[in-house]
Amino acid sequence: MFDRLIDLLVNWFEQLLPFFIVRDYEEAVVLRFGRFYKVVKPGFHWRIPFVDEPMEQHVVVTTLSLPPQSLYTKDKQNIVVKGVIKYRIADIQTFILEVYDAQDAISDMTQSIIKNIIMDKTLDECIDPEIDNTLAKKARVEAKKWGVEIQQVTLTDLAPIRSFRLINDTVINKLD
């Protein structure tokens, strides 16, 4: 309870300040009365207390690990694929104001592109190092809509697997 009171006081004090500072690795969007007002770069900036609301965001290169995906190749091989995306924010206004959860959107979009490309190739074609460039090119086009610049998409793991799927618990219980 006491920590909530301290947070409230700190937040209220920050709202009273007529200035804000954007760090060197950030950019910010300023909302005036809740509507877009301007984009600001790193440095010292004036603001109207309780009217202007700066929303800072890191814009430096970031990596995002993709969770493993189980897919079938064109030659009916079951494989598992993991990847890493290297990206940076190119348009802070679009990134903050037009995408709710940008990291989740980037992850989902890239996984979808990986699925579409892998399922259209044989296992031998999937091992080709050129597949990373193909993935990155397609991801760049899609991510640009969200103010994101994809620099690299790399498949970190790609291996054939054997899978066993169980329908439901009743089948498992009958087997025992």
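The values are calculated or read from the model by the stated rules, or taken from the named source; none is laboratory data. The structure displayed is predicted, hence computed values, not measured ones. Because the Cβ atoms are built from the backbone with ideal geometry, glycine has one as well, and the counts that use them run over all protein chains shown. Side chains are part of the model used for accessible areas, which takes the heavy atoms of the whole protein and leaves out ligands, DNA and RNA. Shrake-Rupley method; radii C 1.70, N 1.55, O 1.52, S 1.80 Å.
General remarks:
- Near pairs, Cβ below 6 angstrom, 6+ apart or cross-chain, from segment 85-101 (small (G, A, S)) to any residue that is not in a helix (DSSP H, G or I): A90/G147; A90/E149
Yes or no, residue by residue, for (1) farther than 30 Å from D124 by Cα; (2) in contact with a Ser or Thr (Cβ under 8 Å, 6 or more places away or on another chain); (3) modelled with pLDDT under 95:
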residue: A28; (1), (2), (3): yes, no, no
residue: P42; (1), (2), (3): yes, no, no
residue: Y72; (1), (2), (3): no, no, yes
residue: V84; (1), (2), (3): no, yes, no
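- Any hit, segment 127-135, residues being in contact with a Gly (Cβ under 8 Å, 6 or more places away or on another chain) and buried (at least 16 other Cβ atoms within 10 Å of the Cβ): yes
- When residues of segment 22-43 are limited to those that are aliphatic (A, V, I, L, M) and touching a residue at least 24 places away in the same chain (Cβ under 8 Å), the one farthest from L97 (Cα to Cα): V22
Residue-wise test of (1) in contact with a strand residue (DSSP E or B) (Cβ under 6 Å, 6 or more places away or on another chain); (2) part of a loop (DSSP other than H, G, I, E, B); (3) among the aliphatic types (A, V, I, L, M); (4) at positive phi.
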{"site": "I117", "(1), (2), (3), (4)": "no, no, yes, no"}
{"site": "K121", "(1), (2), (3), (4)": "no, yes, no, no"}
{"site": "E125", "(1), (2), (3), (4)": "no, no, no, no"}
{"site": "D128", "(1), (2), (3), (4)": "no, yes, no, no"}
{"site": "K137", "(1), (2), (3), (4)": "no, no, no, no"}
{"site": "V141", "(1), (2), (3), (4)": "no, no, yes, no"}
{"site": "K144", "(1), (2), (3), (4)": "no, no, no, no"}
{"site": "I150", "(1), (2), (3), (4)": "yes, no, yes, no"}
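- Condition check for V81: hydrophobic (A, V, I, L, M, F, W, C) and farther than 23 Å from K145 by Cβ: yes
- Pairing residues of segment 49-73 that are closer than 22 Å to Q93 by Cβ with residues that are among the acidic types (D, E) and open to solvent by less than 70 Å² (accessible area, probe 1.4 Å), at Cβ distances under 7 Å and at least 6 apart in sequence or on separate chains, gives E56/E26; Q57/E26; Q57/E27; H58/E26; V59/E26; V59/E27.
- Enumerated strands (runs of 3 or more DSSP E) restricted to segment 31-90, each holding at least 2 residues that are surrounded by 14 or more Cβ atoms within 10 Å (Cβ to Cβ) and touching a strand residue (DSSP E or B) at 6+ places or on another chain (Cβ under 8 Å): 35-40, 52-58, 62-72, 78-89
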